[in-house]
Every structure is written in C-alpha cells, then in structure tokens.
1. Within the range 44-71, can you find the residues that are out of contact with any strand residue (DSSP E or B) (no Cβ under 6 Å at 6 or more places or on another chain) and within 16 Å of the ligand (Cβ to nearest atom)?
2. Can you list residue pairs whose Cβ atoms sit under 8 Å apart, with the first residue in the range 61-79 being farther than 30 Å from residue 127 by Cβ and the second being in a loop (DSSP other than H, G, I, E, B) and more than 16 Å from the ligand (Cβ to nearest atom)? Count only pairs 6 or more apart in sequence or on different chains.
3. Applying the selection to the range 72-121, what residues are part of a loop (DSSP other than H, G, I, E, B), out of contact with any strand residue (DSSP E or B) (no Cβ under 9 Å at 6 or more places or on another chain) and on the phi < 0 side of the Ramachandran plot?
4. Could you give me the residue pairs with C-beta distances under 6 Å whose first residue belongs to the range 39-58 and is under 30 Å from residue 132 (Cβ atoms) and assigned by TED's automatic domain parsing to the domain that holds residue 72, whose second residue is assigned to a strand (DSSP E or B) and within 16 Å of the ligand (Cβ to nearest atom) wherever it lies, and which are 6+ apart or on separate chains?
5. Looking at the range 83-119 only, could you name the residues that are within 16 Å of the ligand (Cβ to nearest atom) and of a type outside the set (S, T, N, Q)?
6. State yes or no: is residue 76 within 16 Å of the ligand (Cβ to nearest atom), at pLDDT 90 or above and closer than 29 Å to residue 172 by Cα?
7. For residues in the range 9-38 being more than 13 Å from the ligand (Cβ to nearest atom), free of Cβ contacts under 8 Å to residues at least 24 places away in the same chain and part of a strand (DSSP E or B), which is farthest from the chain's Cα centre (by Cα)?
8. Out of 37, 15, 25, I need the residue that is farther than 27 Å from residue 142 by Cα, touching a helix residue (DSSP H, G or I) at 6+ places or on another chain (Cβ under 6 Å) and not small (Gly, Ala, Ser). Which one?
Amino acid sequence: MSRLRSLDLPRSLVVRRVVALDNRVEIEVGLRKRSAVCPDCQCPTQRIHSFYQRKLADLPWQGRPATLIVSVPRFFCQTMLCPRRTFVMPLEGITVRHGRQTTRLADLHYYIAHTLGGSAGARMTVRLCCPISADTLVRRLLSRVQNTTKGTALIELTDTAPLIWREVDVPTSLTLRTLHEVIQVTMGWLDYHLWEFTLGDQRYGLPDNEDWGGLPRRNAAKTRLRDLLTTSRLEMVYEYDFGDGWRHRFLINNVRQGKAGEGYPKYIAGQYACPPEDCGGIPGFYHMLESWADPDHPDHDEVSAYLEDWNPNEINELPLRNALNRIANKRNAVRTRLNKTMKSSS
Ligand SMILES: [Zn+2]
C-alpha cells in the first residue's frame, strides 16, 4: 500500500487497488471522508445507505489510459422532517455532476483543444494516451468557453455611510484576476495600487506581490469564481490599496444559467461615487468631505481644489459600462476566434 500512496491523486481519494491491464489501467479508489451534509437540510450525517461505483476517465498512467473506479457512498439523511431520505456524496474537486471524466482530464483536453484545435488536438490526445475525437474535443472547448453561468455580485465599500455600493452580473468562469478588474471599473477606482481577495484564511492576488505572512497568497489568475462557489452564495473581502486600506464586501448569489452569447459582466445598479484615490482611507475620506462642505474649515480651499468637479452623489456610468464592455469583448474574442476556426476547418 505504501507504494500506492505515492500515486498522484486528489487528496480526498484513497487508493484501494491498481489493476494494470494490457491496454489500460484501472485504479480503484474510495473517498477519505466518511460523512456528508444533506443538500436539503444542510445537516451532517455519517449513516451510509450503500455504495455505488462510478467510472471516471482520468489522466493516463504509465503510457496507458487510466480509469478511476470510485466507490461513492450514498447517505441517509437523519433529520426527521427533511423531505430527503438518501443522497449521494458529491465528488467535489474530482468531477462535475454526471461527469464521465475527472476534472483534471477535462482540463487537459480543454488546454489541448485551446492550443491545437480539433483535428491536431485529437492526434495529440492519442499520443498522450487519453484519446478523444476531434468533435468531442471542440464540443468540450465550446461548452467551456460559452459557459454563461452567472451570478449577481454585490460590492460594498466597508464602513461607508451612506453605503457606497455596486451591483453587477458576473460569469462564474471569471478568474479572480479579471474579477479584480471588474471591481475596479464598477467602483471607479483607478487600479494604481496592490489588491487582494480574502476568503476565510486564504488570500488570492498577484503571486509576485510581497508576502505579509499567513498562508501564501494563491494566484488570482489561476482561480476562477466557480472554483470557490461551493453553494450558490459566496462572500469574500476585496482589499484595494494596502496603504489606504479600502475594504470591500464582495457577495455573489443567485447563481443561474445565463443566455448563451451574452457578454457578461454587466452593470446593474449602484449608489454614490467611490472616494478619490489616495485620500487617506475611510477617516481621510470623511475628513475631506467635512472640510469640503464647510466653507469656514481651514482645509476647505485645498480640498475643493483637489476634488474639482468630483460629485459624491454621481456614478459616472458611461465610462463604467464601456470598461465592462471591453472586459466582455476580450472574453468574446476567444469565442469568436474559436467559431471561425471551426467553420474554416469544417
Ligand atoms: Zn436532510
């Protein structure tokens, strides 16, 4: 067993047996976790009803296609009033619902299709021992690029009164790197300073930023919103400018299927202009507003000159929508290019 442990599999799996057949490898695995949470009542349970086997194509192993045979437990929900009697443990991080391959194999096929297209990609998958047809490769690619699952994001600037907020629809396929851009343009920041997202103890940002201790910061360009969405609701903190310390509550909910071809992200609503850059964080901002409103304040003239035509009650929507369109078009460009490639190759 000690040798089997060195197999590089998702952490949540335990290897039971490896069967090397002539032309493929079967890896029998179980789940490390022995409890689950009922999807209806959210109550944990450890009472197993039965097991069923799920076959998932996985990354090739020793030059042979590999299949994971996962023994998946079905649980009893033990809550008296819950309408659900039993449920199956979801294979989070291993595959998607009704998936027939592991997420990591799907990722590999996606990158091959993205780089080489259908026909050359299919030949490459044969060489790599995870063969898949050109048509399937292209279909998988398109379904991922056209993924229009979206959620409604609420962005609130912490400690402001009246609250400075924005609401925007975002696709869950956005990376946190792009989400940072979306927040910058919808709030009206100028993207001059460092930033990061925090979810629990985990921080996400640019990998080459300075490290301030704690858990290492994960690469925001490699983390997608959907990777973090375990339910249809997600709350994170977005901090911009570690000097002024602008903290934002970022809340996404109402995750749903968007219409294909719609160019999200999309601005919905908001209130109040965001503070000018470098005004000294929340205390500096309110001090500035005070002296601006009071002609007798010793700082009044200086502040008025600094703010010029800044209007705290106004969101400048035109440049905001334009900037969001640019982000949406960048995403659409990939799709358009793919559609063209497909047409020219068929
Ligand atoms: Zn239940």
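1. 46
2. Pairs that qualify, where the first residue is farther than 30 Å from residue 127 by Cβ and the partner is in a loop (DSSP other than H, G, I, E, B) and more than 16 Å from the ligand (Cβ to nearest atom), are 72/91; 73/34.
3. 80, 81, 82, 83, 84, 92, 96, 97
4. What qualifies is 51/73.
5. Scanning the range 83-119 gives 83, 84, 85, 87, 88, 89, 90.
6. No.
7. Among those residues, the one meeting the criterion is 19.
8. None of the other options fit; the residue is 15.
The values are calculated or read from the model by the stated rules, or taken from the named source; none is laboratory data. What you see is a predicted model, and the numbers here were worked out from it, not measured in a lab. Don't worry about glycine lacking a Cβ; one is built from the backbone with ideal geometry, like all the others, and counts go over all protein chains shown.
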